[in-house]
Amino acid sequence: MTGFLAANAPLVVTLALIVLAIVVVGCALEGFRIWTVHREKMATALNAQAAEKAAQYAANGERLEARVQVLERIATDRGADLHHQIEQLRDTRAVN
């Protein structure tokens, strides 16, 4: 057997390097697969977070729009006492 290895040493070394290369490439591909799965999970989490923030901004926008409508109604109502209505709004706001 020693004679066979000695006679075919370059072939044995080449085969060992090929097997080693296959193992290294396999490990690298598995690492890439794990990284890709992780990136997909992170993207999903970021999308959910962005959707939540968008919903919060929309709710805040609706609340601000309602407040502007009240102020517009007060400012355009010519027969109302502006100071009295502002005080009424402050009173109801303090209660809530």
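None of the figures in this text is laboratory data; all of them are computed from the coordinates on show. Source: prediction; values computed, not measured. Glycine also receives a Cβ, built like all others from the backbone with ideal geometry; neighbour counts cover every protein chain displayed.
Annotations
- Rounded to the nearest 20, the size of the Cβ-charge dipole of the chain about its Cα centre is 260 debye, with Lys and Arg at +1 and Asp and Glu at -1.
- The chain: angle of helix 82-95 to the longest principal axis, Cα-based, in degrees nearest 10: 50 degrees
- Two-site label geometry, His84 and Ala16: point separation in nm, points 7 Å out along Cα→Cβ: 10.1 nm
- Relative to the longest principal axis of the Cα atoms of the chain, the long axis of helix 9-76 lies at roughly 0 degrees.
- Full extension of the chain segment joining Ala6 with Gln69 gains 13.3 nm, where the gain is 0.36 nm per residue of separation less the Cα-Cα distance.
- Gain in span if fully extended, Asp91 to Thr44, counting 0.36 nm per residue against the direct Cα distance: 12.4 nm
- The length gained by stretching the chain between Gln56 and Arg33 to full extension, at 0.36 nm per residue less their Cα-Cα distance, is 4.8 nm.
- Highest mobility in the GNM of the chain, judged by mean-square fluctuation with C-alpha springs under 10 Å and restricted to Val70, Val37, Val12, is found for Val12.
- Each of Ala54, Thr44, Ile18 was scored by the projection of its Cα onto the charge dipole of the chain, and the greatest displacement toward the positive side belongs to Ile18; charges sit on the C-beta of Lys, Arg, Asp and Glu.
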